[in-house]
1. Among what's in segment B:115-160 and is assigned to a helix (DSSP H, G or I) and loosely packed, with under 15 Cβ neighbours inside 10 Å, pick the residue that is farthest from the other protein chains (Cβ to nearest Cβ).
2. Could you list, in sequence order, the residues of segment A:210-242 that are open to solvent by less than 10 Å² (accessible area, probe 1.4 Å) and facing another protein chain (nearest Cβ under 8 Å)?
3. Please find, within segment A:149-174, the residue that is most open to solvent (accessible area, probe 1.4 Å) out of those that are hydroxyl-bearing (S, T, Y) and part of a strand (DSSP E or B).
4. State which residue is farthest from the chain's Cα centre (by Cα) when the search covers only segment A:243-274 and only residues that are within 7 Å of another protein chain (Cβ to nearest Cβ) and touching a residue at least 60 places away in the same chain (Cβ under 8 Å).
5. It is to be established whether one or more residues within segment B:39-51 are buried (at least 17 other Cβ atoms within 10 Å of the Cβ) and closer than 22 Å to B:W216 by Cα.
6. Please find, within segment B:501-516, the residue that is modelled with the highest pLDDT out of those that are open to solvent by 30 Å² or more (accessible area, probe 1.4 Å) and closer than 13 Å to B:D14 by Cβ.
7. Tally time: how many residues in segment B:582-622 are farther than 23 Å from B:G502 by Cβ and open to solvent by less than 60 Å² (accessible area, probe 1.4 Å)?
8. When segment A:11-28 is examined, which residues are found to be open to solvent by 60 Å² or more (accessible area, probe 1.4 Å) and assigned to a loop (DSSP other than H, G, I, E, B)?
Amino acid sequence: MSFTTPYFTLPKFTYFKPKKLEDALSLLRQYKGKAKVMAGGIMLVNLMKERQIFPEYVIDIKGIDELKKISKTENGIKIGSAVTAIELQNSLIVRDNLPALAKAASYMGDRTLQHTVTIGGNISVGMPSTDGLPALMSMDSLLRIKSQDGERTIPASELVIGLGRTSLKDDEMITEIIVPYSSGLKGTYLKLINASEVAIATVAVSALLKERKLSVVIGAIAPRPYYFDHKSLQWKWEASLSENLKNASEIIGSNVKPMSDAVASSEYRKEVSKVLAVRALKEVFGGA
Amino acid sequence: MSNKYVGKEVPQADSWLKVTGTLKYAFDTFFPGTLYAKLVTSKYPHAKIKNIDVSEALKVKGVIKVATGKDFPYRLGLYLSDRDVLAVDKVRWIGHPVAAVIADSLEAAEEGAEKVKVDYEPLEPVLTVERALEKDAPLIHEKLGEYRVFPGFHPIPGTNIANLFELKHGDVEKAFQEDDVVIIEETYRLPQISHVTMETQNVLAWWRFDDYVELWTSIQSPFATRFLMADAIGLPVNRIIVHAPPAGGGFGLKAGLGWEPLVALLSKLVGRKPVKLVLSRAEQMTSAPVRDGFIAKVKAGFKRDGRFVAYQADFYLDAGAYADYTINVARTAGYSADGAYDVPNVHVKSYAVYTNKIPTTAMRGFGHPENHWALELTLDRAASVLGIDPVEIRRRNLLKPGESVRATGERVREDEGDPQKVLSVLAQALEPDHVDRPSEPWKVRAKGIALLVKAPSQPPNAGSSAVVKLNEDGTIDVLTGNGSMGQGTPTSLAVIVAEEFGIPLEKVKINQLEMVSTDTNPYTWQTVGSRGLFSDGIALLRAIEDAKNQIKDTASRVFKVPVSDVEVSDGYAFSKSHPWIRKEIKEFAMGYTYPDGTTVGSPVIGRGSYAPVLNTFLDASGHGSNTVFHTYGGTGVELEIDLLTGEVKVLRAIQVYDIGKAIDPLLVKGQMDGGFIMGLGSALYEELKFGEDGRVINPNLINYYVPHFEDMTASMESYMIETPQKDGPLGARGVGEHVMVGVAPAIANAILRATGVKINQLPITAEKLWKAIKEQKPELIEKAQKLFFEEGIKEVQQV
């Protein structure tokens, strides 16, 4: 996506802002293939302005209260898909229990845009630049997806199927994110960009530690994030941290195949992936 | 006289309107019935226009007219008339405006623009300077020889060279062959960058039924815009009325002539209705000019003791498709190539070269970010080879005021400033030899400096004028022609007036904070080159003196004392010999009226003007006297490099300038901080990237990154040295452009000093630096990786 449009205006479309989820799903069905769901609208509006997509109908879900809730139960934490990046950062539930997600939210767009960016929109665009997806994947999160026919739940890792492509069907939308942990997580999210705010990531890494469960997700370097856990990292719980880190960085280095693009080269991304992964692991183990 | 305002920190007079979002920019101008224009632009870098079919566009509801290049057979330009209004016969870059659609709504104009069909016959594009200079390269401007050229410029018809400037001083060849001369040879490069004014270029034009043309436009220099447009389209100058509200940033983009002729002609074409054109960010970064790309091939000779004895430089400015302003950037980079140093042998050739890429124009620094990138890096390379401290090598070579002669043959004035003091203040503040330990063992701390000197680059007759009007209640209205674009000059001018009359600042109104109109304001050549405060300031002081003389004349008759005995200050006119004989200035504002009605004197209106004295064009060897003042400065940085990733974080910035007199230190500090951040952006992030066909591929502020708040350097220190300029207003010199010139060289010099790694091309992105370290000093990365991955890890209980 190159943002080269000379246009100020958007192509013509019909705009809906339903208050109930059922109404949104019904509109999605009614105008299947011609409608787009809009949450923050960051990517959607730009794609329309670029004349890359021409939805005849836009269904704004920001008016649906049940999509804006964050709740905590013993079995996990549920986050509505229209929760904004600022709301994630301000939520005590998220800040206290899901540090990686709170940190990832602080990277979604700039300070102004964070009032508009939503977690659902951020991940369902399907672009490598998503901050939400690596964080959610590191926590083994599930996505609740609804359509008028009913609902299904998929692991966050199965959402993106290619560059800018997701497994969402035309009449489906993500309604909720379920993180299967409610406490005791150590997690972080690190990102290397060629500037402090906004710019597109070179590499993003999210790490999670909960008891004897460890995961490292590397985003921004390929169409889909890379997922590693203690098994694939051959983590030895009895060995020293330094031995494990050295080993893990080598495994990561030999398993990721980053893309080269205008942001960074493959070679550089691979090197930075290793550095950020180790930095993240040091952080979650308190060995920084 | 004790200063009440001069030298005190006075906030910009329009701050309240800005922070409340109520200042009216050109962008905000609108009249009922205004039509909208939209550009249709070229998809080819170089092509013949075979046919333009507007029939489908005209069918769009709301579209009124579509104009093409043939409608407007005029040539535009400041120093070289190489621009067309809309492309005629051929296009010269991807983004070249080919047609303009006028409609009653923006939506209709945009839809219409999509439907204009242009048939092209592609020509071989010329996309690099190297290719452009080859003998068999296609010509981008076949009629270069027929264009109008400003005196002092030398286009080479039959080539793609828009201008060649040559500077010769001494004998470089001989000097290079002397014993004991160490030679440094390097090629340096800078990318094209965008001005990124927050307010994009926009014009509302109305060609009136009485054949006067009114324009509301976001520009720096209303008088230059008016003259250049009148000259190009053949109207008497005063038939064009340019209204310039405060501009949301200028930085050189809005100097000279912009879109005004096009929009005015569109207004005429649609039956003399007002027409507005606003560029989108993408249009601004593809169809409007940016800063030149730059290549410098440099050979420098130094004696073992560090004396800089010879400097040979070939500069190539990638001017893009039009060079009307860039030929002067190239000339300026050439004649000031020797910077702040006394170099006895200099030979510079500076070329402005056409390519089939986005056109270029003036930008803050005007050739100096370019030539100082080459010069200041070369000095540190020499220092490193010779084993001399970077401060010391500069100390040994700095120009000596009152003694030295520049390569142009111009003598360095006694009162020009104190370069040695700039260097020593900079060195004292930065302590370049004391480097703190890095925050992590795999990082390195570094310090670096760069010096600079710059004068306004302007024609020998670049004049200014000012008017001071007294009102009935003793308030004062001030008019100059200086554009207001956030630089602060109007506030400084108000400070001067309040100080000189000794009245409260609130009583002084500077009208250009709201609008400069060529019909009401007095003439100023341009608001560019850091010349505003200097040139308009001198004119204003003369206007103040004129107004005071009128008051004195009346007061002497009222006081019955000789005129020479009357003084005007502290808000009063009084007799110097009998100071108790005094009256407030306001009593004389409209002439003095006795109780019986008898009036002496008349309304007070002071006028003053200024033009440089004894300036000339430069001759064929680049010799002459073409400057009015020079400002010396220096930038120092302390930074930290992460060897694992190549990330650079600038921790501390030091800015030192000899500005003669800080009339408003708050504004000077604002310039120094702002210029540093702008320089930081160009050093670390900014670069217009081109696709294989020459198109700009990142014309937006996501892929073209400029510094945001979090990128600001935490510690920014500014030092103002005040060596008075005898003919400057209250001793002052300009500083607005200088403040970004030294930033990138200081950063590159810090990197060189700390790591030994040479970076010859901006921007220094993390990846570029990492790759350069890996290539030039791989052992640094290996050591850092060892420390990071294997050692220094705090062992913790894992579970």
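1. This residue is B:G145.
2. A:L241 - this is the single residue of segment A:210-242 that is open to solvent by less than 10 Å² (accessible area, probe 1.4 Å) and facing another protein chain (nearest Cβ under 8 Å).
3. A:T153
4. Out of the qualifying residues, it is A:Y268.
5. Taking every residue of segment B:39-51 in turn, at least one turns out to be buried (at least 17 other Cβ atoms within 10 Å of the Cβ) and closer than 22 Å to B:W216 by Cα.
6. It comes out as B:K509.
7. Summing the residues that are farther than 23 Å from B:G502 by Cβ and open to solvent by less than 60 Å² (accessible area, probe 1.4 Å) in segment B:582-622 gives 9.
8. Within segment A:11-28, A:K12, A:F13, A:K17, A:K19, A:K20 qualify.
The values are calculated or read from the model by the stated rules, or taken from the named source; none is laboratory data. Treat the numbers as computed from the prediction; the structure is a model and nothing was measured. Neighbour counts run over all protein chains shown; Cβ positions are idealised from the backbone, glycine included. Surface areas here come from the heavy atoms of the whole protein model, side chains and all, with no ligands, DNA or RNA. Shrake-Rupley method; radii C 1.70, N 1.55, O 1.52, S 1.80 Å.
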